[in-house]
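Written below as structure tokens is the structure these notes are about.
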Amino acid sequence: MELISKKEEEIRYLIMVRWKEQGKGYGSALIKRLKEDLTEFYGWVIDHTDYKKAFGENYQSPLLFYVKHGFEVLHDSRIDTEILKAVKIKRMS
């Protein structure tokens, strides 16, 4: 699933790849397409393993995946609530 929105003059995106399909290049292909269409875009990434998946396994943060694709981690921009803890990331072409 891919979703793009504009907030506070920033283009933000959401990419979700079903866990059974991860590692097959789908996320990389979506990012490649975003890079072709946009010069700058932002997202939020869970940057820890404190969450559990529905079947009890620890959630693995995709942060290194985004760093590998050239994203900058904006450590000073965080969501830190009881429900969600994440860091903002930025990609400029």
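The values are calculated or read from the model by the stated rules, or taken from the named source; none is laboratory data. Note that this is a predicted model, so its numbers are computed, not measured. All Cβ positions, glycine included, derive from the backbone under ideal geometry; neighbour counts span all protein chains shown. Note: accessible area is taken over every heavy atom of the protein model, side chains too, but ligands, DNA and RNA are not part of it. Shrake-Rupley method; radii C 1.70, N 1.55, O 1.52, S 1.80 Å.
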Quiz prompt | Those residues of segment 29-45 which are part of a helix (DSSP H, G or I) and closer than 25 Å to I79 by Cβ, in sequence order | solution = L30, I31, L34, K35
Quiz item: Among the residues of segment 73-93 satisfying the criterion of being exposed (fewer than 12 other Cβ atoms within 10 Å of the Cβ) and at pLDDT 95 or above, which is nearest to Q22 (Cα to Cα)?
Solution: H75
Exercise. For segment 37-72, enumerate the residues that are more than 12 Å from R91 (Cα to Cα) and open to solvent by 100 Å² or more (accessible area, probe 1.4 Å).
Key: D50, K52, A54, F55, Q60, L64
